[in-house]
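The values are calculated or read from the model by the stated rules, or taken from the named source; none is laboratory data. Note that the structure is predicted; figures quoted are calculated from it, not measured. Ideal geometry is used to build each Cβ from the backbone, glycine not excepted, and the neighbour counts take in all protein chains shown.
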Amino acid sequence: GRGVVSVSETTATAYPNIALIKYWGKRDEALHLPVTSSLSLTLDIFATVTDVRVADDLPADVVTTADGSPSRAFTAKVVAFLDVIRGMASDDRRARVHTVNTGPTGAGLASSASGFAALAVAAAGAYGLDLDRRALSRLARRGSGSASRSIYGGFVQWHRGDGLDTAGDVSSYAEPVDAPQLDPALVVALVDAGEKAVTSREAMRRTVETSPFFQPWVDASKTDLHDMHSALAAGDLPAVGEIAERNALGMHATMLGARPAVRYFAPGSMRVLDRVVELRAAGVAAYATMDAGPNVKVLCDRRDSAKVAAAVAETDETMQVMVATPGPGAVVGGT
Ligand code: 2P0
């Protein structure tokens, strides 16, 4: 240095998103280019707040979380992500990253989506990159595919994009999808808030490489996405829910077909899925979706959310049940 330490710091907040049309499988592992396009709803709970402080007197990146220091694997992902940003900014300085997650980590509740969306916004700011939303969504994708969607609030589509390398990277971004007539809620049933046994990254890879059911789901997903756009535009919640549920269960079927199989369903998940079927039989429009973990999220109208939450909670008195509604995109600043 020149005897003066230069420091720049940015804090950002982002929320998780839950996919109604899932992202499952990559066509490029390094750039996180997906096999399919996906569509999600950003939530208003479980925010991640991340602070990035760049200083030229730091010998190495330092990553901390609310409960101390994170796993080696998490730190390695953050450092790799910062390397991408340093390349874009032509800036070699190291950074101190502090991240606070208000939701459970690694339990299929999209902590990596809120985490890398917040990190993308905070690190872009701290390294002085002036990026628009689309560029931020492409950047967040480099940390975790689903993070591209958490740059925006509400309903969001992440385009698979075309081609590989630069062409793929440029065309695989997220953008918001309008659904002005819908007033949805997602009831989140925390069947098990612990860390999952198989990471989604490993589970995806195994599914793509070994499951005979993967390609049929990819084909079906195209139809699901098309139908989902019609349902969102029409404000047809039962149609949105039916499409989301079939897409999610189909994704889990691809995993059950992997060798060895990947199974995220737990007994408690099944009880919630049964309860959702009972709710529908009783005339309540409620539809389930599940990600890379045993937790179940139930899509319904906001007016039905208390009733749905109570019905879901009855399946296990010890289980935590939360009601989420559409949340905002990633922003600079704390909560
Ligand atoms: C999704 N999931 O669309 C799907 C559905 C889980 C099940 O995106 O490898 O953490 O970092 O790109 O984004 C979770 O995978 O995976 C995920 P990487 P990510 O939300």
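Descriptive notes on the structure:
- You will find that of 283, 334, the residue that is outside any strand (DSSP E or B) and either within 23 Å of residue 156 (Cβ to Cβ) or at pLDDT below 95 (or both) is 334 and no other.
Residue-by-condition table, conditions (1) assigned by TED's automatic domain parsing to the domain that holds residue 168; (2) part of a loop (DSSP other than H, G, I, E, B); (3) in contact with a strand residue (DSSP E or B) (Cβ under 9 Å, 6 or more places away or on another chain); (4) closer than 30 Å to residue 220 by Cβ:
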site	(1), (2), (3), (4)
18	yes, no, yes, yes
36	yes, yes, yes, yes
57	yes, yes, yes, no
73	yes, no, no, no
88	yes, no, no, no
91	yes, yes, yes, no
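- Looking at segment 108-203, the strands (runs of 3 or more DSSP E) lying wholly inside it that each contain 3 or more residues that are aliphatic (A, V, I, L, M) and more than 15 Å from the ligand (Cβ to nearest atom) sit at 184-190.
- Subset of segment 204-219 [assigned to a helix (DSSP H, G or I) and away from the ligand (no atom under 15 Å from the Cβ)]: 210, 215, 216, 219
- Residues that are over 26 Å from residue 275 (Cα atoms) and not assigned by TED's automatic domain parsing to the domain that holds residue 116 are absent from segment 143-166.
- Test result for residue 260, under 17 Å from residue 19 (Cα atoms) and in a loop (DSSP other than H, G, I, E, B): no
- Only one of 60, 80, 76 that is within 28 Å of residue 5 (Cα to Cα) and away from the ligand (no atom under 16 Å from the Cβ): 60
- Candidates 50, 64, 42, filtered to the one that is surrounded by fewer than 20 Cβ atoms within 10 Å (Cβ to Cβ), in contact with a strand residue (DSSP E or B) (Cβ under 9 Å, 6 or more places away or on another chain) and either among the basic types (Lys, Arg) or in a strand (DSSP E or B) (or both): 64
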